[in-house]
1. Name every residue in segment 272-299 that is open to solvent by 60 Å² or more (accessible area, probe 1.4 Å) and not in a helix (DSSP H, G or I), in order of residue number.
2. Could you please find all residues in segment 239-273 being of a type in the set (F, W, Y) and touching a residue at least 40 places away in the same chain (Cβ under 8 Å)?
3. Go through the residues of segment 117-132 one by one and say whether even a single one is surrounded by 14 or more Cβ atoms within 10 Å (Cβ to Cβ), under 22 Å from L239 (Cβ atoms) and in contact with a Phe, Trp or Tyr (Cβ under 9 Å, 6 or more places away or on another chain).
4. Given the options Y43, Y39, name the one that is of a type outside the set (A, V, I, L, M, F, W, C), under 30 Å from L232 (Cβ atoms), modelled with pLDDT under 90 and open to solvent by 100 Å² or more (accessible area, probe 1.4 Å).
5. Would you pick out the residues in segment 52-77 that are open to solvent by less than 60 Å² (accessible area, probe 1.4 Å), in contact (Cβ under 8 Å) with a residue 40 or more places away in the chain and within 25 Å of E260 (Cβ to Cβ)?
6. Please go through segment 149-199 and pick out each residue that is closer than 27 Å to M93 by Cβ and among the basic types (K, R).
7. Could you list, in sequence order, the residues of segment 129-146 that are within 18 Å of F244 (Cα to Cα), among the hydrophobic types (A, V, I, L, M, F, W, C) and free of Cβ contacts under 8 Å to residues at least 24 places away in the same chain?
8. Just wondering, is there one or more residues in segment 301-309 that are in contact with a helix residue (DSSP H, G or I) (Cβ under 9 Å, 6 or more places away or on another chain), open to solvent by less than 50 Å² (accessible area, probe 1.4 Å), modelled with pLDDT under 80 and outside any helix (DSSP H, G or I)?
Amino acid sequence: MMSFGRIGNESTVWKRIWRNRSLYVLLVPAVVILICFTYLPMYGITIAFKDFVPAIGINDSPWVGFKYFLQYFNSYTFSQTISNTLLLSLYTMVVTFPLPIILALLCNQMSAKRFKKFFQVSTYLPHFISTVVMCGMIILFLSPSSGIIPKLMGYFGVQMPNLMGLPGAFRHVYVWTEVWQHCGWDSIMYIAALSSVDPSLYEAATVDGANQWQKMLKIDIPMLLPTATVLLILRAGSLMSVGFEKVYLLQNNLNLTTSEIISTYVYKMGMISSQYSLSAAIGFFNNIINFALLMIVNGISNKLSDTSLL
């Protein structure tokens, strides 16, 4: 009886696949790209456990186990790169995660449609500036000799230091320029969530005598919590993966003590110093930490709010 039922279910599945075969054909290119660029490169992880020599290939390179992991753990750069990455990631998350929510709530309260559209477009535009151009603008604006900001501050009698040369100022420059560039774009998902709120809820709240602040607390914020929770889980999964391009382009010898993070160190070890096995080991270790953080935060969220990725 059970075997016949199983055969019947399998035949039903194949009938559904055949009935929707045109959709599956459209899905094939995406699956092929996913396999070629996501799963097949995973074989390269074995470089982290071998003394990789490009001339003889991955298979013939001698196996060394955890040699390069221990080399990284025992190096003086281990504590520096870990602490710099964590501090920059946490600082970025604390600042850039709530601000898009606040921006979406403010935008939702605007009644003038023209001003609302202008406000949205003006906050979205910096997102479309490439990272290279953005870093060039930051360096140009903050230049102590020819920068716009130091010259403006000079008119008020304020002598600005070279912020790009101060190790203590690097994180502030990185995070707050990140806010300017991406805050408006990140608020789109929250604005979309607020647009799905039933207008009758606001009407009922108005009848009950609720003001705008009370509507925001009792209606808008609870509607944003599921979206915010999922985005927070995803953000926690990339806590140790600070954007490489921007950090590397803003990095110089003067601020290296605070700007040297895991991703820039991996690039220097692999592409500049040609220590491929060491860079692969560091990158693999970083990904393990990210995966563990993702699972931990996802489990905590599932228990506390019944909202999770799985």
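The values are calculated or read from the model by the stated rules, or taken from the named source; none is laboratory data. Owing to the predicted nature of the structure, the values given are computational and were not obtained by experimental measurement. Note that each Cβ is placed from the backbone with ideal geometry, even for glycine, and that neighbours are counted across all protein chains shown. Quick note on the areas: whole protein, heavy atoms, side chains included, nothing else; ligands and nucleic acids left out. Shrake-Rupley method; radii C 1.70, N 1.55, O 1.52, S 1.80 Å.
1. S274, Q275
2. Residues of segment 239-273 of a type in the set (F, W, Y): 244, 248, 265, 267.
Result: Y265, single match.
3. yes
4. Values: Y43 fails: under 30 Å from L232 (Cβ atoms).
Unique residue meeting the criteria: Y39.
5. Answer for segment 52-77, where residues must be open to solvent by less than 60 Å² (accessible area, probe 1.4 Å), in contact (Cβ under 8 Å) with a residue 40 or more places away in the chain and within 25 Å of E260 (Cβ to Cβ): F52, Y68, F69, Y72, T77.
6. Result: R171, single match.
7. Residues of segment 129-146 that are within 18 Å of F244 (Cα to Cα), as a first pass: 129-139.
Within this subset, residues satisfying the condition of being among the hydrophobic types (A, V, I, L, M, F, W, C) are 129, 132-135, 137-139.
Result: V133, M137.
8. Yes, segment 301-309 has at least one match.
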